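**Student:** One structure, pasted below without further comment.
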Amino acid sequence: MASGEAAVNPNKIFVLTGAGVSAESGLSTFRDTGGLWTHYKVEDVASLAGYERDPARVLEFYNLRRDIHRDVKANPAHEALGRLQRAWAARGGEVTICTQNIDHLHEQGGAENVIHMHGELGKVRCHDCGDVTAADGELSLALGCVACGRIGGLRPHVVWFGEVPLEMDLIYEKLAGADLFVSIGTSGSVYPAAGFVAAARSGGVPTMEINLAPSENAQLFTFTRYGKASEAVPAWVSQLVG
Ligand code: BJW
């Protein structure tokens, strides 16, 4: 265990995850070499303006990702976090898992009540009435909203740049109540998630980063563990739960 970590005895743990936790399941990250943003322009596929300019192109981008996501499996990092959550609940504690990822690998790994602050790939939202529903098939402009009936207004239920992330009140409530903040596999470059570590620190909460390499805000972490999520997360969880 890294020096000082053993002295921390958390009851409520807040875990923030990013694309790195799913990388070894075969899902591309965004900003690493060869990541999604080296192949696509953010402003074209991850902004409301891009969607309004060319909705078919945005739907095609998310259909491609839905195809890839269909076959991926949770990796040992997701499974370890599910194990930690169950072990902590059994001893009266709490582990909140807040992910920026739109995949469902935390749930597949056994985690519950996962907060998907940037949305979920398996859902669509009506651009007109705001209704959110699960959608398995291919997204297209020919689809109609089950709530209001409008054709062509169903967009992926994801959070693009300039949009407010989901469940922010719940997130800040859980952050405020935590006594350990852990960030896993995120570059720390997208706000508001990138600001959570500073919020935790300002409340006197110890912070830990688990990542392949130091993130942009690595200096804000009390403890750091660098390595693949599939190895570093199970190692950390094993030390906590035995
Ligand atoms: C491994 C690994 C392995 C690899 N093991 N690790 C100027 C200053 C400050 C802020 C702003 C600004 N201008 C604009 C803003 C705000 C803007 C923002 O932050 N922009 C920045 C680029 C500067 N943010 C927003 O617009 C957000 N909304 C907002 O702020 O609303 C205002 C508001 C907030 C709160 C209350 C009230 C009002 C919305 C952001 C939406 C982000 N959307 C996306 C797309 C989602 C849908 C989709 O997936 O298609 O979310 S963009 C993309 O980035 C995606 C991710 O969730 C997000 C974060 O990426 P992540 O997960 O960190 O991935 P990478 O690739 O960056 O990093 C991967 C990491 O993994 C690396 O560190 C690797 O080392 C590591 N890794 N392999 C362990 N095997």
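Computed from the coordinates by the stated procedures, all read-outs in this text should not be read as laboratory data. Because the structure is predicted, anything quoted here is derived from the model rather than measured. In this analysis, Cβ positions are derived from the backbone assuming ideal geometry, glycine residues included, and neighbour counts consider all displayed protein chains.
**Student:** Could you derive backbone 3J(HN,Hα) for the stretch 25-42 from the dihedral phi with the Karplus parameters 6.51, -1.76 and 1.60 (θ = phi - 60°), listing whole Hz in sequence and x where the residue is Gly or Pro?
**Tutor:** Result, ordered by residue: 8, x, 9, 5, 7, 9, 10, 6, 3, x, x, 4, 6, 8, 9, 10, 7, 3 Hz.
**Student:** Hey, in the chain, which Cys have no second cysteine's beta-carbon closer than 4.7 Å?
**Tutor:** If one checks each Cβ against the other cysteines of the chain, Cys98 turn up with nothing under 4.7 Å.
**Student:** Per DSSP helix of 4 or more residues, -39500 (n - 2.57); summed, then divided by the residues of the chain. What does that give at 222 nm, rounded to the nearest 500?
**Tutor:** Here the helix-only value at 222 nm equals -9500 deg cm²/dmol.
**Student:** Right, next: Would you pull out the residues with amide H under 5 Å of Leu154's amide H, same chain only if 5 or more places away, H placed 1.01 Å from N?
**Tutor:** For Leu154, the qualifying residues are His127.
**Student:** Determine, for Tyr51, Tyr191, the number of other Cβ atoms within 10 Å of each Cβ, and report the residues in order from fewest to most.
**Tutor:** In increasing order of surrounding Cβ atoms, one gets Tyr191, Tyr51.
**Student:** If I require 15 Å or longer along the helix axis, counting alpha carbons, and a Kyte-Doolittle average no lower than 0.5, what helices from the chain are left? Use full DSSP H segments.
**Tutor:** Within the chain the helices that satisfy the rule are 229-241.
**Student:** If the cut-off is 21 Å between C-alpha atoms, which lysines fall inside it for Lys73, apart from same-chain ones fewer than 8 positions away?
**Tutor:** Candidates past the 8-residue exclusion: Lys123, Lys228.
**Student:** Give me the Kirkwood hydrodynamic radius of the stretch 42-185 in Å, from all C-alpha pairs, to one decimal place?
**Tutor:** This gives a value of 16.7 Å.
**Student:** Under the Kirkwood approximation applied to all pairs of distinct alpha-carbon atoms, what is the hydrodynamic radius of the chain in Å?
**Tutor:** Details: mean 1/r = 0.0536 Å⁻¹.
In the chain this quantity evaluates to 18.6 Å.
**Student:** Could you give the length gained on full extension between Tyr226 and Ala89, defined as 0.36 nm per residue of separation minus the Cα-Cα distance, in nm?
**Tutor:** 46.6 nm
**Student:** Rounded to the nearest 5, what is the percent of antiparallel bridges among the DSSP beta bridges in the chain? Spell out each step's value before the answer.
**Tutor:** Details: 9 of 31 bridges.
Given both bridge residues lie in the chain, the antiparallel proportion sits at roughly 30 percent.
**Student:** Output ³J(HN,Hα) for the stretch 105-115: one whole-Hz value per residue in order, computed from phi by the Karplus curve 6.51 cos²θ - 1.76 cosθ + 1.60 with θ = phi - 60°, and x for Gly and Pro.
**Tutor:** Karplus-based 3J(HN,Hα) across the stretch 105-115 equals 6, 5, 5, 4, x, x, 7, 10, 6, 6, 8 Hz.
**Student:** Here's a follow-up. Can you order the peptides 104-111, 28-35 by their average number of other Cβ atoms within 10 Å per residue, highest first?
**Tutor:** 104-111, 28-35
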